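What follows is one structure encoded as structure tokens, with my remarks underneath.
Here, each number is a calculation from the coordinates, and none is a lab measurement. Fair warning: this is a prediction, and the values are worked out from it, not measured in the lab. A quick note on method: Cβ atoms are made from the backbone with ideal geometry, for glycine too, and the neighbour counts reach across all protein chains shown.
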Amino acid sequence: MHLLDWTLTKYDYWTFAFLVVAIIAFFYALIQIGGLPGKIAERRNHPHAEAVKLVGWIGLFTVFPWIHAIIWAVHDGLTIDVRSLPKEGTKGEVENTSILGIDMPRNEGPPETDTTIEATADASPPDGDAPTKPA
């Protein structure tokens, strides 16, 4: 009793061999793509490389978490853009307040007042000790 009604030819064997190679290549590509965010994070010394690797593998079949893992692997989250920090000598003013070309309104708080305390000979120090006067 034969399971096939025809005899196998060399083309059938080539087809089976190609199918095996295609399946192996598919799973190899799947493994490489799944591990890509983790590899990027490790090479960039990301502080959360293990979490990026895990999200990359979990998100392999749902796509959106995998894309998030790629973005997370490239951006470490600890880098501070020094261009947005206040310039030296200014009182907290940021030079460029536009985000994506949209000018953001500045925070117009109460006017700054001079709160310096002038030291006098009669003033007591903040710790409560009596001032010493020269004799």
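Annotation note: chymotrypsin sites (Phe, Trp or Tyr not before Pro) in the stretch 1-30 located in DSSP loop regions with a Cβ neighbour count of at most 13 within 10 Å are Trp6.
Annotation note: chymotrypsin sites (Phe, Trp or Tyr not before Pro) in the stretch 39-80 located in DSSP loop regions with a Cβ neighbour count of at most 10 within 10 Å are Phe61.
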